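Everything below concerns the one structure shown next.
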Amino acid sequence: MNDTLLDNDIPQKFKNAETGEVNVAAMAQSYKALEHKMSQSPSAPKSPEDYCVDCSHGFFEADSEMNQKMHEKGFTNDQVQFVYDLAAEKMVPMVIEMAGDFKADREVEKLIEHFGGPEKWKEVSRQLLAFGQKNLPADALDSLTSSFEGVVALYNMMNGDEPSISNAKGNIDKSGETELQSMMRDPKYWRDKDPSFVSKVTEGFQRMYGK
């Protein structure tokens, strides 16, 4: 009975197709191949310090405490690297967004203080938005209103302050405004929205109307 059950458990590839006899040599060879494969499988290093993690992206460095916990779970080096890569892919953008929100809040605080309080800033911001939407391309307005300096430049522009682009000798460059208008007519600005070119136009506004 037991021999019958054992015989039924043996895969057909280990049996002679004609006689049905078990090919012991084939079974032994297959076992050795499986043993070799298992011995070559990745395993956790001897200690957490032996993990070799690539953090060349510069967002963060390997954490010894986290490595210790992963080592206790038997993580291989590839698995540990995957965890770090996943953190860089998913968590870093969230951190950058939070930092951006914090910076925006700080810029608003500076503007409130600069314009004399929340109520005055509320009215100035309303005027600036109306003026900007009427007189500036959307890209230039977005760029200017993204920083304290840009908003101040926009305020000076709204109040008709004279341009103040100076050359190396300290003289006012009268061609600055004409050049800026020419850049805004360039297809790289209005059609292609080339980031570097849009940035140059924005910087031009800030130089002309910033203080």
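Each value in this text was obtained by applying a stated rule to the coordinates, not by laboratory testing. Given the structure is predicted, the values throughout are model-derived calculations rather than measurements. Cβ placement follows ideal geometry from the backbone for every residue including glycine, while neighbour counts extend to all protein chains displayed.
P118: net charge of surrounding residues, Cβ under 15 Å, Lys/Arg +1, Asp/Glu -1, itself excluded?
Working: positive: K110, K120, K122, R126; negative: D105, E107, E109, E113, E119, E123.
Net of charged neighbours comes to -2.
Show me the ranking of peptides 132-138, 152-158 by mean Cβ neighbours inside 10 Å, starting with the highest. Don't jump to the answer; show the numbers that get you there.
Numbers: 132-138: 13.4, 152-158: 20.9.
Order by mean packing, descending: 152-158, 132-138.
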